[in-house]
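Everything on this sheet refers to the single structure shown next.
The values are calculated or read from the model by the stated rules, or taken from the named source; none is laboratory data. Just so it is clear, the structure is predicted and the values come from calculations on it, not from any experiment. Positions of Cβ are backbone-derived with ideal geometry, glycine not excepted, and every protein chain shown enters the neighbour counts.
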Amino acid sequence: MDNALEFSKRSSFKREILLEKLYPSKIILPMKMNYGEAAVPTVKVGEKVLIGQCVGAPNPGSFAVPVHSGISGTVTEIKNITLPNRETCKAVVIESDRKRTYHPSVYARNSINVSASKVRGIVKDAGIVGMGGEGIPTIAKINMARRSGVDRVLVNCLQSEPFANCDFMRISESPEYIIMGAVALAGAVGVKRIDVLISDNRKEEIASLQNAMQMSAGDYSGFIFNFKYFKERFPQGYYGLVAKALYGVELKEGETLESRCKAVMFNCSTVYSCWEAIADNMPLASRIISVSGENSEGHNVLVPIGTTVSEILNTVNDNIKTSKRLVWGNCLTGLEISDPDNTPIIKTTSAISVITKKEFNTSSCIRCSRCEDACPMELEPGLLFNLLKRGLKEKAKEEGVHKCIACGCCSYACPAAIDLTGTIASYAHTLNKHKIEQNKLGFTEHSKINIGSVSLLETFEEDEVIETDADASDDIVLPFEGGKLV
Ligand code: SF4
Ligand code: SF4
């Protein structure tokens, strides 16, 4: 991975002592924030809702996840919304009552034993999805891992995008939740081995996690933790690159980390949310996001999901607010925000990046090969761009265009300011989307996930069987009291 980009000098965040919390005046909750289908609103205009209350539920048999409110207040509107990722769905608008009242279903569990099937049920009901990007329902991933016979869980602490730091803030804030969440997920998958993937320069976060492991060692006896250290490079945490770095394998078309490497990977913020759901019965209704600009120190804010971009920017420093271009996500792979008043943070939004708009003068390719050096998938972006511009799509396929992960590194590196990513990634997306439709897997989007021959829909539905079919050997026992490990 020597050819990936290093941003360490440009993306450093100050170390924040306290996590800033934002209590917005309203939230806009889209019913589709996940890979799959949309939930259906379960509340009506005028209805009062509380923190942690379910406001959207899946239609029976659909590949959707529940949606919960992160504020208490009144439903003022149910409307159609189009997000920057071009998803259009219904959204529930809730005006805050400023009381921050929790729904009775949210409570710190006292001493209990949690079986593996119970963990799977909690994760499903809490609407947890992969928070590192694609939003795959975590229950589907757990079940796919079980079906693939994996032997370990990987906890992805490899956040490497420039101007994004929320995963590290989460580790600093709640390392014990990540450790116990990893144990719970390993139990839910049915494995004992947990590998924590983290950059070797993250000394404080490594120390926090190791300390939490020692503190809670009695609670996970029988589970084996290992740390795997990486060099901080972008886009280090992408699963194809993890497969290469850890196992020396290049995933072929149709192969997954689960099927080829017998490992399943969860983002560390997702792992945190799983334990929050188990220990506090709190569904996924808030998240940390990084807010940053090119010319300012970034920082992290804990926000209820559905908080609008404009309300977040109004709470952060002026330096960021005065910039010109808003990006939903990180500055390399994020999507432009055109209407910050009506654009909410969703379960997968890790950052808002504010970028000074520059006018680039595009010139011709000077054959410097910087794009090749930058491409983590070892493609030749300059060549692919040329082939696609000349309509030679078959030749581009032979050159592996479908492997593009839309990381943006080639465009970033190109001195001629050629729109390499836009051209290559959108063609790769079309190709992969077509393939998925042909496979009749039931999904038409988010093509860059290599789902191989396993249907996520099938694994998602499989849980209904698991819930009623737990046996004694399936049990994991996680003792804790009042949300604190004992
Ligand atoms: S956007 Fe695609 S082609 Fe460009 S560097 Fe990333 S993976 Fe390679
Ligand atoms: S980085 Fe840009 S100029 Fe250099 S070879 Fe690639 S496309 Fe051409």
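Some observations on this one:
- Scan of segment 59-74 for residues that are over 20 Å from the mean Cα position of the chain (by Cα) and either hydroxyl-bearing (Ser, Thr, Tyr) or crowded, with 19+ Cβ neighbours inside 10 Å (or both), ordered by number: 62, 71, 72, 73, 74
- Residue among 153, 191, 129 that alone is buried (at least 23 other Cβ atoms within 10 Å of the Cβ), under 22 Å from residue 224 (Cβ atoms) and not basic (Lys, Arg): 153
- Yes/no for residue 198 being under 16 Å from residue 266 (Cβ atoms) and in a helix (DSSP H, G or I): no
- Any hit, segment 339-348, residues being charged (D, E, K, R), at pLDDT 85 or above, outside any loop (DSSP other than H, G, I, E, B) and over 25 Å from residue 425 (Cα atoms): yes
- Hits in segment 143-166 (condition: on the phi > 0 side of the Ramachandran plot and under 16 Å from the mean Cα position of the chain (by Cα)): 163
- Residue check for residue 94: surrounded by fewer than 24 Cβ atoms within 10 Å (Cβ to Cβ), outside the structural domain of residue 167 (by TED's automatic domain parsing) and of a type in the set (A, V, I, L, M, F, W, C): no
- Segment 116-141 - residue that is in contact with a Leu (Cβ under 9 Å, 6 or more places away or on another chain) and among the hydrophobic types (A, V, I, L, M, F, W, C) and, of those, modelled with the lowest pLDDT: 119
- Filter pass, residue 382 being out of contact with any Cys (no Cβ under 8 Å at 6 or more places or on another chain), more than 20 Å from residue 334 (Cβ to Cβ) and more than 9 Å from ligand 1 (Cβ to nearest atom): no
- So residue 243, is it surrounded by 15 or more Cβ atoms within 10 Å (Cβ to Cβ), under 26 Å from residue 351 (Cα atoms), among the small types (Gly, Ala, Ser) and touching a Cys at 6+ places or on another chain (Cβ under 6 Å): yes
- Criterion: modelled with pLDDT under 90, touching a His at 6+ places or on another chain (Cβ under 8 Å) and surrounded by fewer than 20 Cβ atoms within 10 Å (Cβ to Cβ) - qualifying residue of 253, 232: 253
- Filter result (assigned to a helix (DSSP H, G or I) and either crowded, with 19+ Cβ neighbours inside 10 Å or of a type in the set (Phe, Trp, Tyr) (or both)) within segment 207-225: 208, 209, 212, 213
Here is a yes/no grid of residues against (1) near ligand 2 (Cβ under 10 Å from one of its atoms); (2) among the β-branched types (Val, Ile, Thr); (3) part of a helix (DSSP H, G or I):
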| position | (1), (2), (3) |
| --- | --- |
| 376 | no, no, no |
| 379 | no, no, no |
| 383 | yes, no, yes |
| 387 | no, no, yes |
| 391 | no, no, no |
| 396 | no, no, yes |
| 417 | yes, no, no |
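- Per the listing 420, 392, 388, the residue uniquely crowded, with 18+ Cβ neighbours inside 10 Å and either more than 18 Å from residue 334 (Cα to Cα) or more than 8 Å from ligand 1 (Cβ to nearest atom) (or both) is 388.
- Residue list for segment 402-413, restricted to those being under 25 Å from residue 254 (Cα atoms) and more than 8 Å from ligand 1 (Cβ to nearest atom): 402
- Among residues of segment 238-249 that are in contact (Cβ under 8 Å) with a residue 12 or more places away in the chain, those with a beta-carbon under 8 Å from a residue that is charged (D, E, K, R) and outside any helix (DSSP H, G or I) at least six positions away or on a different chain give the pairs 240/250; 243/250; 244/250; 246/195; 246/228.
- Of the strands (runs of 3 or more DSSP E) lying entirely inside segment 45-140, those carrying at least 1 residues that are closer than 19 Å to residue 309 by Cα are 73-82, 88-96.
- Top-ranked residue in segment 398-414 [being within 17 Å of residue 240 (Cβ to Cβ) and among the small types (Gly, Ala, Ser); ranked as nearest to ligand 2 (Cβ to nearest atom)]: 408
- Put simply, of 217, 207 the only residue that is more than 30 Å from residue 373 (Cβ to Cβ) and modelled with pLDDT of 90 or more is 207.
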